1. With the structure loaded, tell me whether Glu100 is of a type outside the set (Lys, Arg) and farther than 24 Å from Ile153 by Cα or whether it fails that test.
2. Given the conditions (1) open to solvent by less than 20 Å² (accessible area, probe 1.4 Å); (2) in contact (Cβ under 8 Å) with a residue 60 or more places away in the chain, and given that Leu118 satisfies all but one, which numbered condition is not satisfied?
3. Are any residues in the range 167-179 within 21 Å of the chain's Cα centre (by Cα) and either surrounded by 20 or more Cβ atoms within 10 Å (Cβ to Cβ) or without any contact (Cβ under 8 Å) to a residue 60 or more places away in the chain (or both), and if so, which ones?
4. Check off (1) buried (at least 23 other Cβ atoms within 10 Å of the Cβ); (2) out of contact with any helix residue (DSSP H, G or I) (no Cβ under 9 Å at 6 or more places or on another chain) for Arg234 and give me the number that stays unchecked.
5. Being open to solvent by less than 30 Å² (accessible area, probe 1.4 Å), farther than 18 Å from Val129 by Cβ and within 10 Å of the ligand (Cβ to nearest atom) narrows it down to one residue among Ala255, Ala270, Ala247; which is it?
6. Please indicate, with yes or no, whether at least one residue in the range 62-75 is over 18 Å from Leu250 (Cα atoms), more than 16 Å from the ligand (Cβ to nearest atom) and not charged (D, E, K, R).
7. Out of all the residues in the range 180-196, is one or more surrounded by 15 or more Cβ atoms within 10 Å (Cβ to Cβ), modelled with pLDDT under 95 and assigned by TED's automatic domain parsing to the domain that holds Leu151?
8. Could you tell me how many of the residues in the range 214-270 are in a loop (DSSP other than H, G, I, E, B) and either more than 16 Å from the chain's Cα centre (by Cα) or at pLDDT below 95 (or both)?
Amino acid sequence: MAIGGGTRLTGIFGDPVAHSASPAMHNAAYAALGMDRVYVPFHVLPGQLPAALRAIEALGLLGVNITVPHKERAARLLRHQSAEARALGAVNCVWPRRGELYGDNTDARGLAADLAALRAPLKGRTAIVIGAGGGAAAAVLALQRLGVRRLVITNRTRRRALNLAARFKSARIEVRDLRALNDPDLIGDAALVLNATSVGLEPGPFLPLAWDAARTDCFFYDLIYAAEPTAFLRPALERGLRTADGAGMLLRQGALAFELFNGVKAPLQAMREALYARLGRSA
Ligand code: NAP
């Protein structure tokens with residue numbers, strides 16, 4: 001598509017940003033819908049975030065995604081934001097309206113939509129979240145929405161897990177340390193074990209976990225996405241258990257952002273194909 005005088009811009013602010021798969025997904029969506037719009041990665045250094053946010057209105061951008069390391073800072077800078085962004089303390093989309101900036105966070109809705117599409121059986125069941133950072137917070141919100149009965153957060157730093165549990169104020173949330181992953185009773189009770197740590201980004205095995213105690217219908221979900229099965233998913237796959245990585249969450253949070261920025265339904269299949277091509281795997 002040729003860029004012309006009427007072309008409108010959307011994009012993503014991050015540091016780094018060159019690795020982001022979002023431009024491929026959003027530009028594929030514009031091409032599929034024949035829209036005269038482009039989605040551009042903007043390398044925004046931390047000190048430049050306030051100026052970059054002000055430029056959204058000045059440059060007439062329709063909306064931008066916010067990624068690492070700016071999500072929490074953007075939440076502190078924006079006056080208008082959704083209840084969901086406030087609950088997560090992080091913003092991943094910003095758009096202008098009538099001279100003001102608005103923020104939302106589509107990570108939890110993206111994950112909930114992906115888990116629903118995968119038909120992971122969660123209502124009234126037990127889910128374990130490993131990790132207590134931004135991804136884990138989105139997972140806790142999504143799992144509460146999907147009606148889990150018991151939610152166990154395990155994290156290397158206990159204080160961070162306690163803070164996360166306190167933020168969602170629910171008697172259904174328990175905090176355990178990482179050794180609990182080796183407890184067959186806990187793993188055997190779970191319908192979902194979700195990795196929201198960065199363990200697996202580097203080569204090497206995952207944390208000790210009682211894989212053999214898992215129920216046959218237990219779902220293993222890794223927020224990390226890659227061309228090949230991740231270190232967390234490999235032992236589950238070897239045992240014939242159900243697995244998914246975070247590509248589906250990434251796709252669906254992107255589709256929700258596309259709809260916020262452009263006001264039209266996102267072409268999910270075109271975005272999925274572009275994402276999978278970017279990740280180097282077949283659709
Ligand atoms: P974060 O806020 O930096 O949190 C990182 C988490 O990993 C913390 O809980 C940290 O524990 C834990 N961790 C790091 N190294 C560890 C180790 N060696 N052993 C045990 N725990 C360790 O990161 P985040 O934003 O939540 O992201 C976490 C992962 O999710 C990343 O890989 C990210 O790419 C992915 N993610 C994917 C999506 C998606 O759309 N698919 C969305 C969000 C995030 P401590 O608290 O003890 O430091």
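1. Details: of a type outside the set (Lys, Arg): yes; farther than 24 Å from Ile153 by Cα: yes.
Spelling it out, Glu100 is indeed of a type outside the set (Lys, Arg) and farther than 24 Å from Ile153 by Cα.
2. Tallying (1) open to solvent by less than 20 Å² (accessible area, probe 1.4 Å); (2) in contact (Cβ under 8 Å) with a residue 60 or more places away in the chain, Leu118 fails exactly one: (1).
3. Taking the range 167-179 first, the residues within 21 Å of the chain's Cα centre (by Cα) are 167-168, 173.
Passing the criteria: only Ile173.
4. Just one mismatch for Arg234, condition (1).
5. Numbers: Ala255 fails: within 10 Å of the ligand (Cβ to nearest atom); Ala270 fails: within 10 Å of the ligand (Cβ to nearest atom).
Residue meeting the stated conditions: Ala247.
6. Within the range 62-75, one or more residues are over 18 Å from Leu250 (Cα atoms), more than 16 Å from the ligand (Cβ to nearest atom) and not charged (D, E, K, R).
7. no
8. As a first pass, look at the range 214-270 and keep what is in a loop (DSSP other than H, G, I, E, B): 214-218, 223-232, 239-241, 246, 263-267.
Keeping just the survivors that are either more than 16 Å from the chain's Cα centre (by Cα) or at pLDDT below 95 (or both) gives 214-218, 225-232, 239-241, 263-267.
Adding up the residues that qualify gives 21.
The values are calculated or read from the model by the stated rules, or taken from the named source; none is laboratory data. Just so it is clear, the structure is predicted and the values come from calculations on it, not from any experiment. Neighbour counts are summed over all protein chains in view; Cβ atoms, including those assigned to glycine, are modelled from backbone coordinates with ideal geometry. Quick note on the areas: whole protein, heavy atoms, side chains included, nothing else; ligands and nucleic acids left out. Shrake-Rupley method; radii C 1.70, N 1.55, O 1.52, S 1.80 Å.
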